[in-house]
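Enquirer: Before we start, here is the structure in question, set down as structure tokens.
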Amino acid sequence: KSYSLGDRFFLADAIRDVLMCHRPMVSDAGADRNNAKEVADQIWAISHLLVAAPDSNDMTDASSKGIEYGIIETILSLIVQCTPQGSGIPSSSPINQHVYLSRVLLELTKLKPSLIPQAIVLAVSGLFEDFLPSMTPAARDNLGHWLSFHLTNTEYQWPKSYWEHWAQYAATNQRSSR
């Protein structure tokens, strides 16, 4: 709700650290260490470190206080910055791996089904309405790949009003900007 720029920077930096330090791997003995669910748990644990500025008009006792929007903003920003798939360029770090980030976001959706899906819808709506025209083709591809991955793994659950809003654009014969 009322997080400072410093809080948002701390949150984004802490999420990047969790994604890097808790990335899934297999030990030399063949045992799995960490998985996307554990990474999602660690990311959600960060939300307990930040406390929104008190609002005398707010009488709710929501435990998240809007932190889920900062989490989604950070993960989606990392997804659109991923190394393009099929480019032949190796990812510089695990947090630049598209599937890893997509799986973590999917696990966050399962972990907090009453908070994260709504934040994702608002974030994606904002991206499509405000930022899509200014994105690079690689960022658009990354966003499209993530959305297809997410919809496939959530059985195409998305608010109906969102689809109705964009249906008019899909039904036209205009050429796309690509």
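The values are calculated or read from the model by the stated rules, or taken from the named source; none is laboratory data. Note that the coordinates shown come from a computational prediction; the quantities given were computed from them, not determined experimentally. In case anyone asks, the SASA skips ligands and DNA or RNA and just uses the protein heavy atoms, side chains included. Shrake-Rupley method; radii C 1.70, N 1.55, O 1.52, S 1.80 Å.
Enquirer: So, restricting to helices (runs of 4 or more DSSP H) that lie completely within the range 61-170, which ones have at least 3 residues that are modelled with pLDDT under 85 and open to solvent by 20 Å² or more (accessible area, probe 1.4 Å)?
Expert: 160-170
Enquirer: What number of residues in the range 22-37 are open to solvent by 80 Å² or more (accessible area, probe 1.4 Å) and under 25 Å from Leu115 (Cα atoms)?
Expert: Residues that pass the stated criteria total 1.
Enquirer: What number of residues in the range 4-21 are of a type in the set (Gly, Ala, Ser) and open to solvent by 50 Å² or more (accessible area, probe 1.4 Å)?
Expert: 1
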